[in-house]
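Here the structure comes first, spelled out in structure tokens, and everything after it is commentary.
The values are calculated or read from the model by the stated rules, or taken from the named source; none is laboratory data. The structure displayed is predicted, hence computed values, not measured ones. Cβ atoms come from the backbone with ideal geometry, glycine included; neighbour counts cover every protein chain shown.
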Amino acid sequence: MSRPGFALEVDERTPPTLVRSASDVRLERFSLGTQIVYPPDGQPWGDAVAATGEALGSPIDGGSIASRLWAGMRLTITFADISVLTPAAADDPRRAVVEQLLTTAAEVGVDDVVLIAATGLRRRLGPEDMRRLLGERVSRSFASDPRLRSHDASDDSALLTIGESEGVQIRFNRRVVESDLVIHVSVVTGAEHAGWDEFTSGLASSETIDIAYGWNGDPAPVRQVVADRLNVVSVAVVLGQPSYSGPVRYVSAREWEWSIKDQAAYLASRRALATAPVQAGRYLYAARPVAYPVLGVFAGSVDEVRATAQATLAAEQRITVKGSADVLVTGVPPVHAAAPDGDGSPLGAAWWVLCHAYGLGVEKPIVREGGAVIAFHPLGDRFSTRHHGAAADMIAEVLPETSDPAEVASRFLPRFAADPWYTDLYRQRGAYHPLHAFHQWFDLQPAIAALGDVIFVGADRRTAELMGFRAATTYADALEIASTRLGRRPAITYVRDAVGVQVAVS
């Protein structure tokens, strides 16, 4: 079992604390009284294969998965993409689930089986991505086989109309709609995972995703149509806090428990990365697979599985802090949901801070209304031309004109969405859909509206200003900026690792 997480109040004996800033790490000394939220100590435990077998044999709503299959049926297995499990697992649990589902289907006599990655507006997966998620056995068995593919949100021929919302057609993956049974495989590490939203946003058309999850979107009608039309069974694997090992063990270890070897490894990495190219930092931290504890595997109806999985996750992750903070401090890891391969954009970093980290509060935000967020990230102006061309153009062309989300949605989104170049990059070359950057911007707006300041330490000043944020050279400078609104002694909460934690404000 993992040691539970806790909130530490900084005193004179507290050592400097590790902070992540993309592919860099540093030690920062926080002021007295700062609350530091430490996640559970993620020691790996649990057997994904055994837990999966038990879940498939005894779903929550009764009746084994095998009993729901029959010879001659059309079975589709969908699964969340690589943006869900970051950092990557040394042995992705989806492999165990999909292998057992395929074995069960073969034993029953099901020949018509298709596997689809529910990528939605995120980049479509290549062969190496499939191997990483599903393992050698499945990926080799389906190599160059169209029965293993990513969802294409802009392929008219692969989409089918299943309803209407506000005069707009609700279109969904054709194979999924025409299947007798769909089994959706989720990995649950956060409150947004599993459930109808994950399923719908991963397998609908780009227009449907936009009316449900875009600016002023309403997902409820779309969710209802999908739930009424499709026969879906959910399988969710709940994972705990990831655990780094080897030369980067210090990333997971609590600072006062660092061994001499950990201290030496940290110093060596700092010195090496000071002169090395940015790719070296990505290799050291972003490309290294980690181990996860398996908290449970659940199968059954979509709603029941989501409720059970989220309750299991909350019991592991939830940590109580004393009072709302005036300042929320967070680092940004090199890989996260918006940058699963470490090749992100400033929009992705801002999304991690203002949507994910800001949203870690269980019942209310960690930071009070009018407070500040201080984040560590360079917000560099270099983009992956392969993955984030639309995001680069949005920041360069749209935000200098306006940052108002309503105007952005009405003036610029239709042009980007209809641009054949962006669509081709998404469909053929592994880029994110052009709507993805706009949806990230929309996701930031509740936090931006609630906060008085958003300050990025070490950020490119021009990029920060274009996005409406402020840049500071050091953490001390950021506190100085925040003090103009919040005074000299603000209440500060630092979430040391925002990957596997939920925060309850007492």
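Can you say whether Leu133 is at pLDDT 95 or above and in contact with a Phe, Trp or Tyr (Cβ under 8 Å, 6 or more places away or on another chain), as far as the supplied structure shows?
Details: at pLDDT 95 or above: no; in contact with a Phe, Trp or Tyr (Cβ under 8 Å, 6 or more places away or on another chain): yes.
Considered against the rule, which asks whether it is at pLDDT 95 or above and in contact with a Phe, Trp or Tyr (Cβ under 8 Å, 6 or more places away or on another chain), Leu133 comes out as no.
Residues that are of a type in the set (Ser, Thr, Tyr): which strands (runs of 3 or more DSSP E) entirely in segment 16-92 hold 1 or more of them?
Qualifying strands (runs of 3 or more DSSP E): 17-21, 35-38, 74-80.
Say whether the condition of being in contact with a Lys or Arg (Cβ under 8 Å, 6 or more places away or on another chain) and part of a loop (DSSP other than H, G, I, E, B) is met by at least one residue in segment 326-334.
yes
Report the residue count in segment 461-502 for those that are at pLDDT below 90, closer than 20 Å to Pro365 by Cβ and either β-branched (Val, Ile, Thr) or in a strand (DSSP E or B) (or both).
Number of matching residues: 3.
From (1) of a type outside the set (A, V, I, L, M); (2) in contact with a helix residue (DSSP H, G or I) (Cβ under 9 Å, 6 or more places away or on another chain); (3) closer than 28 Å to Gly500 by Cα; (4) not in a helix (DSSP H, G or I), pick out the condition that doesn't hold for Thr402.
Failed condition: (3).
Which ones in segment 465-478 are under 11 Å from Asp453 (Cβ atoms) and either more than 30 Å from the chain's Cα centre (by Cα) or not small (Gly, Ala, Ser) (or both)?
Phe469, Arg470
Looking at Leu102, Leu75 in this structure, which one is surrounded by 20 or more Cβ atoms within 10 Å (Cβ to Cβ), free of Cβ contacts under 8 Å to residues at least 40 places away in the same chain, touching a strand residue (DSSP E or B) at 6+ places or on another chain (Cβ under 9 Å) and closer than 16 Å to Ser141 by Cβ?
That would be Leu102, the only listed residue that is surrounded by 20 or more Cβ atoms within 10 Å (Cβ to Cβ), free of Cβ contacts under 8 Å to residues at least 40 places away in the same chain, touching a strand residue (DSSP E or B) at 6+ places or on another chain (Cβ under 9 Å) and closer than 16 Å to Ser141 by Cβ.
Just give me the residues in segment 38-78 being closer than 30 Å to Ala504 by Cα and not small (Gly, Ala, Ser), in sequence order.
If the condition is that a residue be closer than 30 Å to Ala504 by Cα and not small (Gly, Ala, Ser), then Tyr38, Pro39, Pro40, Asp41, Gln43, Pro44, Trp45, Asp47, Ile60 are the ones that fit.
Please go through segment 342-393 and pick out each residue that is of a type in the set (Val, Ile, Thr) and assigned to a helix (DSSP H, G or I).
Result: Val353, single match.
Considering segment 137-183 alone, what residues qualify as being over 23 Å from Val97 (Cβ atoms), in contact with a Ser or Thr (Cβ under 7 Å, 6 or more places away or on another chain) and buried (at least 17 other Cβ atoms within 10 Å of the Cβ)?
Within segment 137-183, Ala153, Ser154, Leu159, Ile170, Arg171 qualify.
Run down Gly46, Gly42, Gly62, Gly5 and say which single residue is out of contact with any strand residue (DSSP E or B) (no Cβ under 6 Å at 6 or more places or on another chain) and of a type outside the set (Ser, Thr, Tyr).
Answer to the selection: Gly62.
Listed here are the residues, each with its yes/no results for (1) of a type in the set (Val, Ile, Thr); (2) more than 22 Å from Tyr432 (Cβ to Cβ); (3) not assigned by TED's automatic domain parsing to the domain that holds Pro420.
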site: Pro340; (1), (2), (3): no, no, no
site: Val353; (1), (2), (3): yes, no, no
site: Val373; (1), (2), (3): yes, yes, no
site: His388; (1), (2), (3): no, no, no
site: Glu397; (1), (2), (3): no, no, no
